[in-house]
Amino acid sequence: MTSFTVNGQPVHYRLDPETPLLWALRDASNLTGTKYGCGAGWCGACTVHVDGRPVKSCLLPIGRLEGSFVTTIEGLSSDRSHPIQQAWVAESVPQCGYCQSGMIMAAAALLARNPSPTDADVDAAIDNICRCGTYPRIREAIRRAARAKAGAEPLSAAPPPGIDPADAAREVPALRPPPPR
């Protein structure tokens, strides 16, 4: 059994210690915000924080995480109020949206260690792939979040339309066929 903390909650996985963290999070913990992209650590769709550092969860076996602290996109903020999440919406970064959780996690880690990154810092720190090519908006969102964190710019974007964060992981009942007439 492997034990560590995910989004502030202790977890005990009874999975093979070689199971990638990505699959433990998605399949065993139902934290589906972390996405499978390439399975080889190239695209970054699966980025989460382990002890505050961004890691590609598709490459990291859970057996190496004993006692660690893992944060997923669901744990970054329960109400989407983290400055990078707010800036992401304000700058209309998402297009297809698939890379977004990994990209946001990489950006949040960057801002935690460098509160005022240059474009070169952003390019060096974030190697995630956005297949839609929204890199200029990503850089602007990171700059905007940095300004907001520094108190230089107010930032308040409405959460994206759709599922309420509190409802994101609830089970949806199966559809039943209508009764016969």
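Ordering Tyr13, Gly133, Ala150 by the projection of their Cα atoms onto the charge dipole of the chain, which places +1 on the Cβ of Lys and Arg and -1 on the Cβ of Asp and Glu, puts Gly133 at the extreme positive end. Multiplying the residue separation of Cys38 and Cys96 by 0.36 nm and removing their Cα-Cα distance gives an extension gain of 19.3 nm. In the set [x] 1.37; [y] 1.10; [z] 1.01, which value of Cα Rg over 2.2 N^0.38 Å was calculated from the structure you see? For Cα Rg over 2.2 N^0.38 Å, the calculated option is [y].
Between Phe69 and Glu18, residue separation times 0.36 nm minus the direct Cα-Cα distance comes to 16.6 nm. Over region 2-76, the pair-distance histogram of Cα-Cα distances with 5 Å bins from zero comes to 3, 19, 32, 30, 13, 2 percent, rounded to whole numbers. Here the sum of -39500 (n - 2.57) over DSSP H runs of 4 or more residues, divided by the residues of the chain, equals -7500 deg cm²/dmol at 222 nm, to the nearest 500.
Springs join every pair of Cα atoms under 10 Å in this Gaussian network model of the chain, and among Ala109, Ala125, Ala146 the largest mean-square fluctuation is at Ala125. The modelled label-to-label distance between Thr5 and Arg131, using points 7 Å beyond Cα along the C-beta direction, is 3.6 nm.
Estimate the FRET efficiency between Ala28 and Arg113 by the formula 1/(1 + (r/R0)^6), using the beta-carbon distance for r and 41 Å for R0, to the nearest 0.05. Mind dumping the intermediate values first?
Details: r = 30 Å, r/R0 = 0.72.
Step by step, r from the Cβ atoms, then E = 0.90.
Our summary gives the chain a relative contact order of 22 percent, counting only alpha carbon pairs under 8 angstrom and 6 or more residues apart.
Please arrange Glu66, Glu91 by counting, for each residue, the other beta carbons lying within 10 Å of its beta carbon, fewest first. Don't jump to the answer; show the numbers that get you there.
Values: Glu66 11, Glu91 20.
Listing Glu66, Glu91 from fewest to most nearby Cβ atoms yields Glu66, Glu91.
Can you list, bin by bin at 10 Å, the percent of alpha carbon pairs in region 83-155, starting at 0? The percentages, shortest bin first, are 22, 61, 17, 0. For labels at Ser81 and Ala150 in the simple 7 Å Cα→Cβ model, what's the distance in nm? If labels sit at Ser81 and Ala150, their model points lie 2.4 nm apart.
Comparing Ala40, Ala90, Ala108 in a Gaussian network model of the chain (Cα springs below 10 Å), the most mobile by mean-square fluctuation is Ala40.
Residue exposure proxy: Val122, Val70, Val50, ordered by other Cβ atoms within 10 angstrom of their Cβ from fewest to most, comes out as Val50, Val122, Val70.
What fraction of the DSSP beta bridges in the chain is antiparallel, stated in percent and rounded to the nearest 5? Intermediate values should be presented prior to the final figure.
Values: 12 of 14 bridges.
Rounded to the nearest five, the antiparallel share is 85 percent.
Here is what passes the span test in the chain: the DSSP H helices with alpha carbon length of 18 Å or more along the helix axis and a Kyte-Doolittle mean of 0.5 or above are 100-113. By the count of other C-beta atoms within 10 Å, a proxy for reagent exposure, Cys132, Cys99 are ordered fewest to most as Cys132, Cys99. What you get for the chain, charging only the Cβ of Lys and Arg (+1) and of Asp and Glu (-1), is a dipole of about 300 debye around the Cα centre.
Only the coordinates and a few stated rules stand behind these numbers; no lab work does. Computed from a predicted model, the values in this text were never measured in an experiment. When we count neighbours, we look across all protein chains shown, and the Cβ atoms used for this are built from the backbone with ideal geometry, even at glycine.
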